[in-house]
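Note sheet for the following structure.
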Amino acid sequence: MRVEILPDAEAVAQRGVAELAAAARDAVAERGRFAFAVSGGRTPWRMLAHLADQPDVPWARTHVFQVDERVAPAGDPARNWSPLEDALLSRVPLPPAQAHAMPVDHCRGDADLTAAVRSYAAALATACGVPPVLDLIHLGLGHDGHTASLVPGDAVLDVVEADVAFTETAYQGHRRVTLTFPMLARARRVLWIVTGAEKHDALTRLRAGDPTIPAGRVRASDALLLADRAAAGG
């Protein structure tokens, strides 16, 4: 994993948008389309807002997916989709059919969640082939070492036969739908965005490849980690 330490969160967002824009242009030149998945977070929303201002991003040939989502009604402030729309989707000429929200609006139990993950896996396969391969996945890092909604102690960590799964229990108040380790491992590029002093311990363990935290179990053929000095411990 390549690592770049930048002065602050804004510098991380700016460097991240350069990576995203370049990945989009490269993917379209090589394969005719760019499919990427994004996680939530303050710095990522800034990065995506900057992406909306970038020239020459091939939006007509781009698909936007979610890495994970909290199970909550549409418009709920806990959802990742609303700030994704505000920061990026409402500001760029992306065809609506190419913006893929995780279908969690009306999930009430395991049966609904099972249908939701199958639907999202099908959308990934339609856009990205079988098995689906995303051109870039953006990941964040929790202070407890989770990434996506692959959270410590949950059975979702052991899912190996599906590309999308849901957590067995609530995490920080919500059950989650998430891409799984196998789906993350197939990505052509992984872009880690980590900012804030509260992430320092988890970042140290991630950089060491510590498999006792979920983030340390992510395997990628091409990974770039962008962190600010606060997360890197100065």
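The values are calculated or read from the model by the stated rules, or taken from the named source; none is laboratory data. This one's a predicted model, so the numbers in the text were calculated from it and none came from an experiment. Cβ placement follows ideal geometry from the backbone for every residue including glycine, while neighbour counts extend to all protein chains displayed.
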Listed by first then second residue, the pairs whose first member lies in the stretch 211-234 and is polar (S, T, N, Q), whose partner is assigned to a strand (DSSP E or B) and surrounded by 16 or more Cβ atoms within 10 Å (Cβ to Cβ), with beta carbons under 9 Å and at least 6 positions apart or on separate chains, are S221/V190
If V177 meets every condition in (1) touching a Phe, Trp or Tyr at 6+ places or on another chain (Cβ under 9 Å); (2) part of a loop (DSSP other than H, G, I, E, B) apart from one, which number is that one?
(2)
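Could you tell me whether any residue of the stretch 41-60 is under 19 Å from D222 (Cα atoms) and among the basic types (K, R)?
No, every residue in the stretch 41-60 fails to be under 19 Å from D222 (Cα atoms) and among the basic types (K, R).
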Evaluate the following for L124: is it closer than 29 Å to F34 by Cβ and in contact with a His (Cβ under 9 Å, 6 or more places away or on another chain)?
yes
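So that you can scan it fast, the table gives a plain yes or no per residue for (1) among the hydroxyl-bearing types (S, T, Y); (2) in contact (Cβ under 8 Å) with a residue 12 or more places away in the chain; (3) surrounded by fewer than 21 Cβ atoms within 10 Å (Cβ to Cβ):
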| position | (1), (2), (3) |
| --- | --- |
| A11 | no, yes, yes |
| A29 | no, no, yes |
| S39 | yes, yes, no |
| H50 | no, yes, yes |
| Q54 | no, yes, yes |
| R61 | no, yes, yes |
Give just the number: which of (1) assigned to a loop (DSSP other than H, G, I, E, B); (2) surrounded by fewer than 17 Cβ atoms within 10 Å (Cβ to Cβ); (3) at pLDDT 95 or above does A74 not satisfy?
(3)
Counted residues in the stretch 104-143 being surrounded by fewer than 16 Cβ atoms within 10 Å (Cβ to Cβ) and in a loop (DSSP other than H, G, I, E, B) come to 8
Only one of (1) closer than 27 Å to A215 by Cβ; (2) touching a strand residue (DSSP E or B) at 6+ places or on another chain (Cβ under 9 Å); (3) surrounded by 14 or more Cβ atoms within 10 Å (Cβ to Cβ) is not met by A87, so which one is it?
(2)
Does E4 satisfy the condition of being closer than 23 Å to L141 by Cα, crowded, with 16+ Cβ neighbours inside 10 Å and of a type in the set (D, E)?
no
Quick check, is A162 under 14 Å from the mean Cα position of the chain (by Cα) and either assigned to a strand (DSSP E or B) or in contact (Cβ under 8 Å) with a residue 40 or more places away in the chain (or both)?
no
Odd one out for V164, checked against (1) within 23 Å of R33 (Cα to Cα); (2) in contact with a Phe, Trp or Tyr (Cβ under 8 Å, 6 or more places away or on another chain); (3) surrounded by fewer than 22 Cβ atoms within 10 Å (Cβ to Cβ):
(3)
If I go through the stretch 89-106 residue by residue, how many of them are within 14 Å of A165 (Cβ to Cβ) and either in contact with a Lys or Arg (Cβ under 8 Å, 6 or more places away or on another chain) or basic (K, R) (or both)?
1
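Listed here are the residues, each with its yes/no results for (1) buried (at least 16 other Cβ atoms within 10 Å of the Cβ); (2) within 13 Å of the chain's Cα centre (by Cα); (3) within 28 Å of A72 (Cβ to Cβ).
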| position | (1), (2), (3) |
| --- | --- |
| A155 | no, no, yes |
| D158 | no, no, yes |
| A170 | no, no, yes |
| V177 | yes, yes, yes |
| R217 | yes, no, yes |
| D222 | no, no, no |
| A227 | yes, no, no |
In the stretch 144-153, residue surrounded by the fewest Cβ atoms within 10 Å (Cβ to Cβ) [restricted to those that are of a type in the set (G, A, S) and more than 21 Å from A115 (Cβ to Cβ)]:
G153
Could you identify the single residue in A13, A22, A49 that is assigned to a helix (DSSP H, G or I) and farther than 30 Å from G173 by Cα?
A22
